[in-house]
Amino acid sequence: QVQLVESGGGLVQPGGSLRLSCAASGSIFRIYYMGWYRQAPGKQRELVADITTSGSTNYADSVKGRFTISRDNAKNTVYLQMNSLKPEDTAVYYCNSNLSPTGQIVAYQYWGQGTQVTVSS
């Protein structure tokens, strides 16, 4: 069974930093895409950043220059380094991945359980 497990959320003051991690575990044949989304109270879930297998990245305009996404393909892990955090970054952050489980060539979408990030003084 494939799972995405996030860690690294918490409470931080404005201007501070956090690093989120998301590890994909289970019987995995290939991971094609990994990304981070967030959902603030009363708002729709939105893309924060994503990264392809080759390392191409994409960021929401609101986080460009402050957040950095990276991945370790050997560890099936994606990271989100968040610097210069603002109160408006407060949300539940979700890891997302398109991957093929072992024995299958079709890719499926998986979500993590979410990790809370709160930016407040």
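Just so it is clear, none of the values below were taken in a lab; they were calculated from the coordinates. Predicted, not measured: the structure shown is a model, and the values here were computed from it. Backbone-built Cβ (ideal geometry, glycine too); neighbour counts: all protein chains shown.
Taking the chain as a Gaussian network of alpha-carbon nodes connected by springs under 10 Å, the highest mean-square fluctuation of the residues TYR59, TYR108, TYR79 belongs to TYR108. Phi angles of region 96-108 translate, via the Karplus equation with coefficients 6.51, -1.76, 1.60 and θ = phi - 60°, into HN-Hα couplings of 9, 8, 9, 8, 9, x, 4, x, 10, 9, 7, 8, 10 Hz per residue; Gly and Pro are given as x. Taking the Cα centre of region 31-112 as origin and assigning +1 to Lys and Arg Cβ atoms and -1 to Asp and Glu Cβ atoms, the resulting dipole is close to 80 debye. Just so you know, the Cα atoms of region 1-62 work out to an Rg and Dmax of 13.8, 40 Å. In summary, the convex hull built on the alpha carbon positions of the chain has an orientation-averaged projected area of 7.2 nm².
Taking amide H as placed 1.01 Å from N in the peptide plane, GLY114 has its amide H under 5 Å from the amide H of GLU6, CYS95, each at least 5 places away in sequence or on another chain. Near GLY55, once Lys and Arg are set to +1 and Asp and Glu to -1 for all other residues with Cβ below 12 Å from its Cβ, the sum equals -1. Applying a DSSP loop filter and a limit of 12 other Cβ atoms within 10 Å to the trypsin sites (Lys or Arg not before Pro) in region 47-100 leaves LYS64.
Charged neighbours of SER121, selected by a Cβ distance under 14 Å, balance to -1 (K, R count +1; D, E count -1).
Database remark: amide H of LEU85 closer than 5 angstrom to the amide H of GLY15, GLY16 (H placed geometrically; neighbours at sequence offset of 5 or more, or on other chains; Pro and chain starts carry no H). Over all other residues within a Cβ to Cβ distance under 15 Å of ILE28, the charged ones net out to +2, with Lys and Arg as +1 and Asp and Glu as -1. Remark: region 18-26, residue by residue, has Karplus-estimated 3J(HN,Hα) of 9, 10, 9, 10, 9, 10, 8, 10, x Hz, where x stands for each Gly or Pro and the curve is 6.51 cos²θ - 1.76 cosθ + 1.60 at θ = phi - 60°.
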